[in-house]
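Q: Take this structure first; my questions come after.
The values are calculated or read from the model by the stated rules, or taken from the named source; none is laboratory data. Predicted, not measured: the structure shown is a model, and the values here were computed from it. Cβ: placed from backbone, ideal geometry, glycine included. Neighbour counts: every protein chain shown. Ligands, DNA and RNA are excluded from the accessible area calculation, which covers all protein heavy atoms including side chains. Shrake-Rupley method; radii C 1.70, N 1.55, O 1.52, S 1.80 Å.
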Amino acid sequence: MDIKKLFELRGSLQSKDKIVLTVVGAIILIGLWFFFAEFLSKSVITQDESIDISKLTQSERLYYESDSLLIADYDKLEKLAIEDLSAYGLKKNKVYPLLPSPIKVIKAFPDLNKNDDVIGNTFYSIKLNFLGYILAILISIPIGFLLGLIPLFRGLFSQIINSYRFIPLTAVTGIFIMWLGLGSTMKVAFLAFGIIVYLIPVVIQRIDEVQSVYLNTVFTLGATSWQTIRTVYIPYVFSKIIDDIRVLTAISWTYITIVEMLNKGGGIGELIWTAKRQSRIDKAFAILIIIVVIGILQDRLFVMIDRILFPFKHVNKGNKH
């Protein structure tokens, strides 16, 4: 690995170097995570439920049942000069009120699998995401082409649709609930709406980016309007729009978790809400890791599809090194 190239402005890296640096970066971030989790942790004293209360003396039982000691700071015991915790039916625990330890997060996965059906809920969210995207794409692309190619429709509706991007989506959840209830149909429709308001303007922008040289060429060859759309606009726009859809998949997980928190219909969002009510921050972080992993896999899937459908986009990239 050439150290100088690591600091070169807009420099490029070999694939092997990227992998090494990614691993090193992950180790650094996990190390920082572990450090801050331990730094922000707190030692508390709780009741040891394995203790047989009937075997405690009266004074020991008073300590065991004391509200002042239950979930108390460890420093408080030092003031009370209590050394043997087990004699009083107490035990020392470490809690992570702000940032869970990576180890605690890893241990939360079996609990999620056993008690929260994390696999089933994850696939439910993926299904909603997929259906919402399909619906959004089927609506956005035709409307985007209509507005982008026909001046009449662009003049009538383009600015209005652009303004929809400023609507706070969390504020319209109530409207979708009134229209469609709390079921899966509402969630898919809400997710599709959240994508449509961004995707239609992007389709219009991609149409505007078509270079005049291509249009002049097909015009010289005597192509009709439909032939121009089929041979120039559709290939160009689709080759670009797949990258835009790929970016929007990350945003869609925000929307899906919002609507899944509204009722007990299942999904990742409901699991996050349940973890919040249980004060299980380790579970919440574990669920976030699941979403990140799904996002990475989705991203790789889009790259693979892009390479298959539009190989010409990756020719120069492949020959770069």
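Q: Keeping every protein chain in place, order Lys187, Lys107, Lys94 by accessible area at 1.4 Å, biggest value first, i.e. largest first.
A: On the way: Lys187 0, Lys107 145, Lys94 100 Å².
Descending accessible area places them as Lys107, Lys94, Lys187.
Q: Calculate what fraction, in whole %, of the accessible area of the stretch 166-321 sits on carbon and sulfur atoms when a 1.4 Å probe is rolled over the protein chains. Please report the intermediate quantities before stating the final value.
A: Details: 5680 of 8610 Å².
The computed percentage sits at 66.
Q: Tell me the accessible surface of Val105 in square angstrom (1.4 angstrom probe, heavy atoms of protein chains only), to the nearest ten.
A: In the full protein context, Val105 sits at about 0 Å².
Q: Could you compute the net charge surrounding Ile289? Neighbours are other residues with a C-beta less than 15 Å from the C-beta of Ile289; K and R count +1, D and E count -1. Spell out each step's value before the answer.
A: Numbers: positive: Lys104, Lys107, Arg280, Lys283; negative: Asp111, Asp116, Asp282.
Within the 15 Å Cβ shell, the charges total +1.
Q: For the pair Lys264/Leu6, report the inter-label distance in nm, with labels modelled 7 Å from Cα in the Cβ direction.
A: With each label point 7 Å from Cα toward Cβ, the separation is 5.3 nm.
Q: Oh, and also: For the stretch 258-311 and the stretch 115-166, what is the separation of their Cα centres, given in Å?
A: 19
Q: Under 8 Å for C-alpha pairs, at least 6 residues apart: give me the relative contact order for the stretch 151-259, rounded to a whole percent. Can you show the working numbers first?
A: Details: 51 pairs, mean separation 38.4, N = 109.
Across the stretch 151-259, relative contact order equals 35 percent.
Q: Another question, if that's okay. Along Cα→Cβ, 7 Å out, is where each label goes; now give me the distance between the ones at Phe166 and Lys276 in nm to one decimal.
A: Between Phe166 and Lys276, the label points sit 2.8 nm apart.
Q: How large is ³J(HN,Hα) for each residue in the stretch 115-122, as worked out from phi by the Karplus curve 6.51 cos²θ - 1.76 cosθ + 1.60 (θ = phi - 60°), to whole Hz, x for Gly and Pro?
A: Rounded to whole hertz, the list is 9, 10, 6, 5, 5, x, 5, 5.
Q: Full extension from Val315 to Ala250: what is 0.36 nm times the residue separation minus their Cα-Cα distance, to one decimal in nm? Don't skip to the answer; put the middle values down first.
A: On the way: separation 65, 0.36 × 65 = 23.40 nm, distance 2.63 nm.
Gain on stretching Val315 to Ala250: 20.8 nm.
Q: Measure off 7 Å from each Cα along the Cα-to-Cβ vector at Thr224 and Asn93, then give the distance between these two points in nanometres to one decimal.
A: Spacing of the two 7 Å Cα→Cβ label points: 7.5 nm.
Q: Taking all protein chains together and a probe of 1.4 Å, list Trp253, Trp179, Trp33 from the most accessible to the least accessible. Before the final figure, lay out each step's value.
A: On the way: Trp253 15, Trp179 180, Trp33 60 Å².
From most accessible down to least: Trp179, Trp33, Trp253.
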